[in-house]
Amino acid sequence: MVNEAVESFTRAEACATEEKDLESAAQYSAAMGLLLLSEQRYSEALAAYDRAVSRLPCSEEVWAARGEALCELGRFEEALDSQRKAIDLCSGPDPGLLYNVALTYAGMGDADGCGKALQKALDADRMQVMAIVQNFDGDGELFAQRRQDEAAFLTRRLQEADGDSERRRWQRLKEVVTALRQLEEDPAWLRDRLLDSASGRNQTAYGSTWIESFCHLADAGSLYCTGTAPQQMVVFGSSIGWQCFLGHLHLGYAPCRGFEILASQVQAAQRLAEELGLEDGVEFRCQDALEADVSEAGLVWLNTYAWPAEVKQRVAQKLLQELPEGSQVVSYEPIPTAGLCWQGRHLRLKASVNLEASWDPELTAEVHVFTLRTVYLVQMKKTAHIWPPKPHKTLPRP
Ligand SMILES: C[S@@+](CC[C@H](N)C(=O)[O-])C[C@H]1O[C@@H](n2cnc3c(N)ncnc32)[C@H](O)[C@@H]1O
């Protein structure tokens with residue numbers, strides 16, 4: 001399909017060039033560039049953008065996209081040139097463009113350049129940058145509104161809380177969510193995250209689940225820790241610790257152990273745990289989640305949706321082999337069928353819930369809850385021929 005689309009764009013571009021309609025030709029090559037960029041075919045995308053800028057040199061969008069392709073190819077100085085051209089063509093400071101410049105500096109490992117560009121982006125429109133960081137499918141205004149709704153939800157739940165212990169719980173939840181949302185706005189954290197994740201941006205993409213969604217999933221999937229189930233929770237890709245904090249305060253697990261490969265995220269989560277006095281309930285490790293001990297986990301939370309397919313397969317195999325009976329697994333995507341069964345042990349789908357996540361305001365992120373179950377097969381007795389011994393066949397004499 002993609003190759004067919006590229007062919008169609010190529011033909012349309014050639015026709016427009018023949019008819020001397022250079023603007024249309026540039027638009028076809030830019031559209032092709034965008035498609036190839038999304039397919040991670042960066043060299044071809046760059047070639048398409050080169051053609052587009054030569055015909056339409058006044059389009060900031062095309063210069064910006066060309067910069068993105070160059071950045072992905074590791075040609076950072078050229079990327080910066082292209083991005084600066086885009087900025088010069090803009091009527092005012094564009095937070096998205098400035099954020100892309102910060103990404104390029106991060107790729108170069110230039111912390112100072114990254115921090116300065118990021119600060120300019122935040123000064124231009126803080127909420128727009130937040131929306132970009134959270135992969136939010138909407139503008140800064142919508143994002144700010146969504147955050148206010150979340151804060152209002154917490155205030156309401158606190159007001160409606162019945163009894164002292166409920167009130168204390170909602171008070172703690174409100175403190176934690178407020179602290180996490182503040183951290184997400186901290187320029188130093190944003191910069192460190194960009195620098196830290198420069199070499200594997202897809203796998204380390206950021207996003208968060210709104211507290212309303214978390215509470216809804218907790219009820220719909222019956223995720224609460226019970227007296228009889230194992231008390232530990234393990235989070236794969238814990239980032240700044242959202243699910244560990246909420247798993248401890250709202251679901252009642254302890255310890256809630258997060259595994260995360262980005263050191264900046266682990267340090268930030270640890271700092272928060274100390275500030276909030278929650279070190280006894282949550283723990284964060286800068287370690288590959290494939291090395292996590294899940295043998296005593298009552299709940300495993302997977303943030304693996306952007307991880308490579310081969311790693312996801314290994315995660316599923318690990319869970320099947322190591323989880324205790326009855327453990328629950330939360331995943332933001334279905335687990336591949338091949339990873340659902342091993343030697344009688346199954347990850348059985350318990351619930352699928354449509355949830356709103358930061359990266360999806362359309363309520364379409366489907367979250368799945370699985371339970372580890374073992375099916376014990378009744379072994380059929382084989383009638384072994386042990387006694388009397390098999391009659392020895394004597395070869396017929398010639
Ligand atoms: C999308 S984020 C998780 C955000 C999460 N939804 C939240 O609310 O906090 C996924 C995280 O997984 C981390 N990650 C990627 N591969 C990993 C691995 N092999 N082991 C542990 N963490 C990993 C990334 O660095 C990234 O921070």
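The set of residues from the stretch 293-303 being open to solvent by 60 Å² or more (accessible area, probe 1.4 Å) and in contact with a Pro (Cβ under 6 Å, 6 or more places away or on another chain) comprises just one member, 296.
Total residues in the stretch 271-286 satisfying the condition of being in contact (Cβ under 8 Å) with a residue 12 or more places away in the chain, in a loop (DSSP other than H, G, I, E, B) and surrounded by fewer than 17 Cβ atoms within 10 Å (Cβ to Cβ): the figure is 1. Consider residue 264 carefully, then state whether it is surrounded by 23 or more Cβ atoms within 10 Å (Cβ to Cβ) and within 13 Å of the ligand (Cβ to nearest atom). So residue 264 does not fit the description; no. The set of residues from the stretch 309-328 being open to solvent by 30 Å² or more (accessible area, probe 1.4 Å) and touching a Phe, Trp or Tyr at 6+ places or on another chain (Cβ under 9 Å) comprises 312, 317, 321. When 167, 201 are checked against the criterion of being more than 16 Å from the ligand (Cβ to nearest atom) and either modelled with pLDDT under 95 or among the basic types (Lys, Arg) (or both), a single residue qualifies: 167.
In the stretch 206-223, which residues are buried (at least 18 other Cβ atoms within 10 Å of the Cβ) and in a loop (DSSP other than H, G, I, E, B)? Answer for the stretch 206-223, where residues must be buried (at least 18 other Cβ atoms within 10 Å of the Cβ) and in a loop (DSSP other than H, G, I, E, B): 206, 207, 208, 210, 221, 223. For the stretch 360-373, residues that are at pLDDT 80 or above and surrounded by fewer than 14 Cβ atoms within 10 Å (Cβ to Cβ) total 0. Criterion applied to 357, 306 was being at pLDDT below 90, open to solvent by less than 20 Å² (accessible area, probe 1.4 Å) and either more than 18 Å from the chain's Cα centre (by Cα) or within 16 Å of the ligand (Cβ to nearest atom) (or both), and the one residue passing it is 357.
One residue stands out in the stretch 131-154 among those that are assigned to a helix (DSSP H, G or I) and farther than 19 Å from residue 209 by Cβ: the one that is farthest from the chain's Cα centre (by Cα), namely 141. When 281, 252, 298, 258 are screened for being within 14 Å of the ligand (Cβ to nearest atom) and modelled with pLDDT of 95 or more, only 258 passes. Considering (1) within 14 Å of the ligand (Cβ to nearest atom); (2) not assigned by TED's automatic domain parsing to the domain that holds residue 354, say which one residue 217 fails and leave the rest. Checking residue 217 against (1) within 14 Å of the ligand (Cβ to nearest atom); (2) not assigned by TED's automatic domain parsing to the domain that holds residue 354, the one that fails is (2).
Remark: pairs (first residue in the stretch 339-359, closer than 24 Å to residue 131 by Cα; second residue away from the ligand (no atom under 16 Å from the Cβ) and acidic (Asp, Glu); Cβ separation under 9 Å; 6+ apart in sequence or on different chains) = 356/362.
Just for the stretch 224-249: of the residues that are assigned to a loop (DSSP other than H, G, I, E, B) and more than 15 Å from the ligand (Cβ to nearest atom), which one is nearest to residue 137 (Cα to Cα)?
Looking at the filtered set, the residue picked out is 224.
The values are calculated or read from the model by the stated rules, or taken from the named source; none is laboratory data. In this text the structure is predicted, and so the values were computed from the model without any measurement. Cβ atoms come from the backbone with ideal geometry, glycine included; neighbour counts cover every protein chain shown. These area figures cover heavy atoms from the full protein model, side chains too; ligands, DNA and RNA do not enter into them. Shrake-Rupley method; radii C 1.70, N 1.55, O 1.52, S 1.80 Å.
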